[in-house]
Amino acid sequence: MAFDRFGRQINYLRISLTDHCNLRCRYCMPEGISFTPNRDCLQDDEVLYFVGLFARLGFSKFRLTGGEPTIRPGVVELVRRIAATPGVRKLTMTSNGLLFAGLAEPLAQAGLQRVNFSLDTLDMEKYRQLTQRDALPQVLAGIHAAEVAGLTPIKLNVVVVRDLNEDDVSELAQLTLRHPWQVRFIELMPFGQTADFQLDQVVSAAEIQARVEARLGRLEAVQPGKLDGEARLFRLPDGLGEIGFISSVTQPFCWDCNRVRLTADGRLRLCLLREDEVDLLTPLRTGATPEELRSLALEAIWRKPWGNRLAEGSVPANRLMSQIGG
Ligand code: SAM
Ligand code: SF4
């Protein structure tokens with residue numbers, strides 16, 4: 001099993017299958033972003049190698065993300081091979097949903113268990129402004145297809161950005177009256193060259209909750225004090241689903257953190273909001289033995305940081321969210 005120096009057991013790996021995307025969310029992909037050449041990215045056998053390595057270290061939960069994971073060629077077959085790897089017990093994905101109408105059923109058949117979809121507004125025009133693509137109908141069809149294919153419970157991630165979609169939170173929260181979905185509001189996190197702009201646009205989870213309650217009435221806490229992953233959960237009195245708040249900026253949940261991330265170019269990223277990374281792909285390609293790679297991974301995990309440094313004005317500058325794998 002893999003532990004860090006604070007005694008946290010780390011057993012959850014998020015893998016970025018690509019840093020490319022078929023949307024251009026304004027808070028995620030700035031103009032002129034450059035992408036990693038394919039030859040420098042994890043190839044299918046390398047992804048599978050690392051899934052096996054981490055599974056042997058006691059990792060049981062794996063999430064495929066990006067960039068947009070569904071645009072990776074051969075993603076269904078890759079999911080099938082990951083799902084079949086001994087030790088992989090939970091296999092999930094984070095997606096913008098754009099291609100899910102066609103992919104939900106094959107991915108479910110291949111062994112994908114659940115999906116978190118990103119959906120920041122239900123307004124067609126705002127969706128176009130936010131993502132720079134006219135794709136809301138396809139995304140909603142994709143979410144529906146995932147539900148039909150049994151990729152449930154559906155979770156929706158809503159990043160709330162000042163002056164962009166802060167007025168949309170109540171309408172999104174109301175989805176939980178009609179659907180057994182979990183709608184999770186996420187604080188905007190500052191990354192890379194867009195950090196200054198982003199810090200000004202953070203809407204705290206407390207403010208988001210106050211906005212929802214001002215419109216829809218008091219929310220009831222679900223399992224008070226407990227987190228579901230990183231979300232504090234509530235529900236509307238007659239709701240079928242749940243409403244979550246993820247306060248990575250104002251109230252980080254570091255004590256409960258059990259995850260590390262593998263970037264598309266094969267670096268082990270130890271904390272989303274800190275720059276610490278260890279290159280695993282180069283050693284794999286230059287002949288490191290399984291034992292050497294295992295030691296490299298275990299030593300890196302041991303050094304996993306605690307806490308972000310945003311309060312001291314230190315933002316992670318070496319990568320954007322789409323390059324880390326959100
Ligand atoms: N393309 C997929 C999607 O959008 O779901 C997966 C990758 S995306 C980077 C993963 C999640 O990160 C999405 O929910 C997205 O909204 C979120 N995200 C991107 N940039 C962010 C930022 N600066 N702060 C907080 N969340 C962010
Ligand atoms: Fe693409 Fe997801 Fe980033 Fe939007 S948030 S640009 S969908 S990677």
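Considering only residues of the range 27-75 that are surrounded by fewer than 16 Cβ atoms within 10 Å (Cβ to Cβ) and acidic (Asp, Glu), which is farthest from ligand 2 (Cβ to nearest atom)?
Ranking the qualifying residues of the range 27-75, first place goes to 45.
Looking at (1) crowded, with 23+ Cβ neighbours inside 10 Å; (2) more than 25 Å from residue 74 (Cα to Cα), which is the one condition that is false for residue 132?
(1)
What pairs come up if the first residue lies in the range 236-252 and is without any contact (Cβ under 8 Å) to a residue 40 or more places away in the chain, the second is not in a strand (DSSP E or B), and their beta carbons are under 9 Å apart, counting only those six or more places apart or on different chains?
If the second residue must be not in a strand (DSSP E or B), the pairs left are 237/217; 237/218; 237/219.
Does at least one position in the range 158-178 carry a residue that is outside any helix (DSSP H, G or I), small (Gly, Ala, Ser) and surrounded by fewer than 23 Cβ atoms within 10 Å (Cβ to Cβ)?
no
From the list 219, 122, 227, exactly one residue is over 30 Å from residue 254 (Cα atoms), surrounded by fewer than 22 Cβ atoms within 10 Å (Cβ to Cβ) and either modelled with pLDDT under 95 or not charged (D, E, K, R) (or both). Which is it?
The unique qualifying residue is 122.
Could you check how many residues of the range 297-326 are assigned to a helix (DSSP H, G or I), within 20 Å of residue 17 (Cβ to Cβ) and not aliphatic (A, V, I, L, M)?
2
The values are calculated or read from the model by the stated rules, or taken from the named source; none is laboratory data. Since this is a predicted model, take the numbers as computed values, not measurements. Every residue, glycine among them, receives a Cβ derived from its backbone with ideal geometry; neighbour counts consider all protein chains shown.
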